[in-house]
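Student: Structure in structure tokens, see below.
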Amino acid sequence: MARNRLFPVVQLCLAGLCLSSLQGTIARADSTPNKGAQVYCFMRTNGNDHNVSWEASYALIKRQKSGVFKTSPEHAAVMITEAVVNDPGTFPECGRYLGDLFKTKELKGSLPENRPVGGSTSSPSSTSYGDQRYSY
């Protein structure tokens, strides 16, 4: 009889452990964009250019992500932007650098060499990370 009363208690304890573990996973997942934004913004405000700052923050975001699928460069840029916009007080000087995360190659002045001339009906939607899209 005591065994039947103990079973629900054990189930509740196990459920509590699973829930606390899940909450820890969710908290780590939510802090990944903030860490990426901290790295990107810290490096930019201390004089580093976009490419160096981006590579460092994107590497951190990719390593923090668990699971089979990795974060694409486009998604990482959005994650950094959302972190800065959601808490601008934490990243006071970073707003001016966010546009660099979304500039296209054409705006930067470096066109791909194999781009067709004229007659193309499709508009290039490649961001500065388009070439890297699946290279992670």
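The values are calculated or read from the model by the stated rules, or taken from the named source; none is laboratory data. Since the structure is predicted, the reported quantities are computational estimates derived from the model, not experimental observations. Counting neighbours? That spans all protein chains shown, and the Cβs are built from the backbone with ideal geometry, glycine included.
Student: As an exercise: evaluate Asn48 against (1) in a helix (DSSP H, G or I); (2) at pLDDT 95 or above; (3) within 16 Å of Gly95 (Cα to Cα) and give the number of the one condition it does not meet.
Tutor: Unmet condition: (1).
Student: Then there's this: How many residues does segment 33-54 contain that are crowded, with 19+ Cβ neighbours inside 10 Å and among the β-branched types (Val, Ile, Thr)? Break it down stepwise before answering.
Tutor: Quick first cut of segment 33-54, residues crowded, with 19+ Cβ neighbours inside 10 Å only: 33, 36-41, 43-44, 53-54.
Then drop every residue that is not among the β-branched types (Val, Ile, Thr), which leaves 39.
Of the residues in that region, 1 qualify.
Student: Could you check segment 75-101 and list, in sequence order, the residues that are of a type in the set (Asp, Glu), surrounded by 16 or more Cβ atoms within 10 Å (Cβ to Cβ) and within 13 Å of the chain's Cα centre (by Cα)? Please lay out each step first, then the result.
Tutor: Going residue by residue through segment 75-101, those that are of a type in the set (Asp, Glu) are 82, 87, 93, 100.
Going one step further and asking which of them are surrounded by 16 or more Cβ atoms within 10 Å (Cβ to Cβ), we end up with 100.
Residues satisfying the conditions do not exist here.
Student: In this structure, does Lys62 turn out to be at pLDDT below 95, in contact with a Phe, Trp or Tyr (Cβ under 8 Å, 6 or more places away or on another chain) and not in a loop (DSSP other than H, G, I, E, B)?
Tutor: For Lys62, the condition - at pLDDT below 95, in contact with a Phe, Trp or Tyr (Cβ under 8 Å, 6 or more places away or on another chain) and not in a loop (DSSP other than H, G, I, E, B) - is met.
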